[in-house]
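The values are calculated or read from the model by the stated rules, or taken from the named source; none is laboratory data. Remember, predicted model here, so these are calculated numbers, not experimental data. In this analysis, Cβ positions are derived from the backbone assuming ideal geometry, glycine residues included, and neighbour counts consider all displayed protein chains. Remember, those area values only see protein heavy atoms, side chains included, never the ligands or the DNA or RNA. Shrake-Rupley method; radii C 1.70, N 1.55, O 1.52, S 1.80 Å.
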Amino acid sequence: MPLAHPFDDDKLKEECGIFGVVGVADAANFVALGLHALQHRGQEAGGIVSYAPEHGFNSARRFGYVRDNFTSQKLMETLPGALSIGHVRYSTAGSKGQTQMRDVQPFFGEFSMGGAAIAHNGNITNAEALRRELIDRGSIFQSSSDSECIIHLMARSLQRNIPERMEDALRRVEGAFSVVAMTRTKLIGVRDPLGVRPLVLGRIGDGWALSSETCALDIIGAEYVREIEPGEMVVITAEHGVESVRPFRPRKPRFCIFEHVYFSRPDSIIGSRSVYETRRQIGVELAREAPVDADLVCPVPDSGTPAAIGFAFESGIPYGMGIIRNQYMGRTFIEPTEQIRNMGVRLKLNVNRALIKGKRVILVDDSVVRGTTSRKIKDMILDAGAAEVHFRIASPPTAWPCFYGVDTPQREKLLAATMSETEMRDHLGVDSLRFISLDGLYRAVGEASGRDADCPQYCDACFSGEYPVEPSDMLEKGFQMKAAE
């Protein structure tokens, strides 16, 4: 499987991406293009469901990249109709890293009032409790995915139509969910009351689109209309357009701040803010908080690039591409020996020796998770003749796991969970290491006064350990939450 990031084993994995279109001919082709633009949010597998009155519901689910599967004319001809939804997946629940075809979304259910398909981005924190309850009542699960709980809850609902059954089901669900779903005539989009995961609305000709990010609207030529608001459900038909309802009790939103730092594409818009500009501003704040005397600012490609540009601008230290990424890195060829296997890093990234040699280098990256990435990059920079290596990280220390749709390691495997900043610096073997503060990150995303400690404006649990929804399944397994201060 090709990897999205040169050191993908040491990055937080981008949950999933969802996309849906109604009111355009060959809607599945538009969904395939949208999923291609959302590929960074999930590379394990993808699926598309479509509906046409003369053909009924049709689906295709495949392992691997969108470009390797859903560009086949023969395949796309099996997905006719003017209504379609799709999903790209990285496993966050179920068999992590060992996806089974039965776990690939969208999921489909046949109800008394007709069929419905559903695709989910996020993670249900009470899924195991719901699953036990549903199995005890006779439900038969086909997958290991937490998302399947929604289909079974819908099947057991006594409401009159599918949108109302979905409302009923989602009121039982805890955690984070952005959902796109479809019936024979309707495209449905829902965000959980906290709005942890993103979902946006677009207009394409006489039709409509729902997407995890605005960059996927761009690829199909759709006009960005607005975000689906936290706690909102939209029901869209070709005839009547967008109808909005509020099925949940209102709560103060807690959008995932790491979408700004890493998950979203830099050409997307979040909350009327350019993701690229936010990341550049993170670099500016980082330069103000953690200055260092050096000769060169280098990004760790590609996610560290905007922050490095901002750091260089604010500090006045020249910016340079000290590390070059191999843009054609796909499947790693067979690695028969340990010696060749250890060269895998250099297949993905290479140091620009002529630029680095003799320089005091500031490396800007988006995050430190296990620290294996940072140590390898530091070694490469020193091998190229750098005089000093200073790390500046465009997020606070990642010290807590995420339970809302992001695959994070167990807490004891997170470097910042077991070490102080000074200990991490020594462990990585760099001349200095500094992370942006939580307040600095909040300022960069537009909160001029920083983080409101009494009522945080974002979900930042991976940094603060303050979870906006208790992860009940994990607590049942013995997870220890942060003690109240």
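For q = 0.16, 0.17 Å⁻¹, what log10 I(q)/I(0) does segment 124-168 give under the Debye formula with an equal point scatterer on each alpha carbon and no solvent?
Taking Cα atoms of segment 124-168 as identical point scatterers yields -0.40, -0.45.
What angle do you read, to the nearest 10 degrees and between 0 and 90, between the alpha-carbon axis of helix 305-315 and the longest principal axis of the chain?
With both axes taken from Cα atoms, the answer is about 40 degrees.
Among 391-399, 349-357, what's the highest-first ranking by average C-beta atoms within 10 angstrom per residue?
391-399, 349-357
Given 4 °C and 1.567 mPa s, compute D for segment 183-243 with the Stokes-Einstein relation, Rh being the Kirkwood radius over Cα pairs; round to the nearest whole µm²/s.
110
With labels modelled as points extended 7 Å from the Cα through the Cβ direction, what inter-label distance (nm, one decimal) is found for Arg353 paired with Ile140?
Distance between the two pseudo-spin positions: 6.4 nm.
Taking N as the number of residues in segment 348-470, what is its Cα Rg relative to 2.2 N^0.38 Å? Mind showing how you got there, number by number?
Values: Rg = 16.2 Å, N = 123, 2.2 N^0.38 = 13.7 Å.
My calculation over the Cα atoms of segment 348-470 gives 1.18.
Counting Lys and Arg as +1 and Asp and Glu as -1, each charge on the Cβ, what is the dipole of the chain about the Cα centre in debye, to the nearest 20?
The dipole magnitude comes to about 620 debye.
Using only alpha-carbon positions, what ratio does the radius of gyration of the chain give when scaled by 2.2 N^0.38 Å?
With N residues counted in the chain, Rg over 2.2 N^0.38 Å equals 0.99.
In Å², what does the accessible area per residue of the chain work out to with a 1.4 Å probe? Walk me through the intermediate numbers first.
Details: 19700 Å² over 485 residues.
Dividing the accessible area of the chain by its residue count gives 41 Å².
Go through 204-216, 162-174, 101-113 and give me the packing order, highest mean Cβ count within 10 Å leading. Before the final figure, lay out each step's value.
On the way: 204-216: 23.8, 162-174: 19.8, 101-113: 17.7.
The peptides rank, most packed first, as 204-216, 162-174, 101-113.
Given 10 °C and 1.306 mPa s, compute D for segment 414-464 with the Stokes-Einstein relation, Rh being the Kirkwood radius over Cα pairs; round to the nearest whole µm²/s.
127
Quick one: compute a quarter of the convex hull surface over the Cα atoms of segment 148-228 and quote it in nm².
Here the figure is 5.9 nm², rounded to one decimal.
What part of the accessible area of the chain, given as a whole %, is carbon or sulfur when the probe is 1.4 angstrom? Show your work: numbers first, answer last.
Values: 9580 of 19700 Å².
The nonpolar share, carbon plus sulfur, comes to 49 percent.
Between segment 128-168 and segment 18-79, what's the alpha-carbon centroid distance in Å?
Here the answer is 25 Å between Cα centres.
Using only the alpha-carbon atoms, how far is helix 275-289 inclined from the longest principal axis of the chain? Give it as 0 to 90 degrees, nearest 10.
30
Using the Cα atoms of segment 89-246 to build a convex hull, what is its mean projected area in square nanometres? Don't skip to the answer; put the middle values down first.
Values: hull surface 37.3 nm².
Averaged projected hull area, Cα only: 9.3 nm².
Which peptide among 293-302, 32-41 comes first, and what is the full order, when sorted by highest mean count of other Cβ atoms within 10 Å?
My ranking of the peptides, most packed first, is 32-41, 293-302.
Taking only the alpha carbons of segment 57-175, what extent do you get along each of the three principal axes, in Å, biggest first?
Projected onto its principal axes, the Cα set of segment 57-175 covers 42, 34, 23 Å.
Out of every Cα pair in segment 344-386, what percent are spaced more than 15 Å from each other? Walk me through the numbers before you get to the answer.
On the way: 380 of 903 pairs.
Value for segment 344-386 (Cα pairs over 15 Å): 42 percent.
Distances over 20 Å make up what percent of all Cα-Cα pairs in segment 159-291?
50
Note the angle between two axes, namely the Cα long axis of helix 372-383 and the longest principal axis of the Cα atoms of the chain, as a number of degrees from 0 to 90, rounded to the nearest 10.
30
How large is ³J(HN,Hα), in whole Hz, for each residue of segment 228-233 in order, when computed from phi with the Karplus curve 6.51 cos²θ - 1.76 cosθ + 1.60 and θ = phi - 60°, using x for Gly and Pro?
Those phi angles translate into 5, 7, x, x, 9, 10 Hz.
For a quick check: with amide H placed at 1.01 Å from N, whose amide H comes under 5 Å from Gly271's, ignoring anything fewer than 5 positions away on the same chain?
none
Segment 400-485: D in µm²/s via Stokes-Einstein (Kirkwood Rh, Cα pairs, 4 °C, 1.567 mPa s)?
Approximately 88 µm²/s, per Stokes-Einstein.
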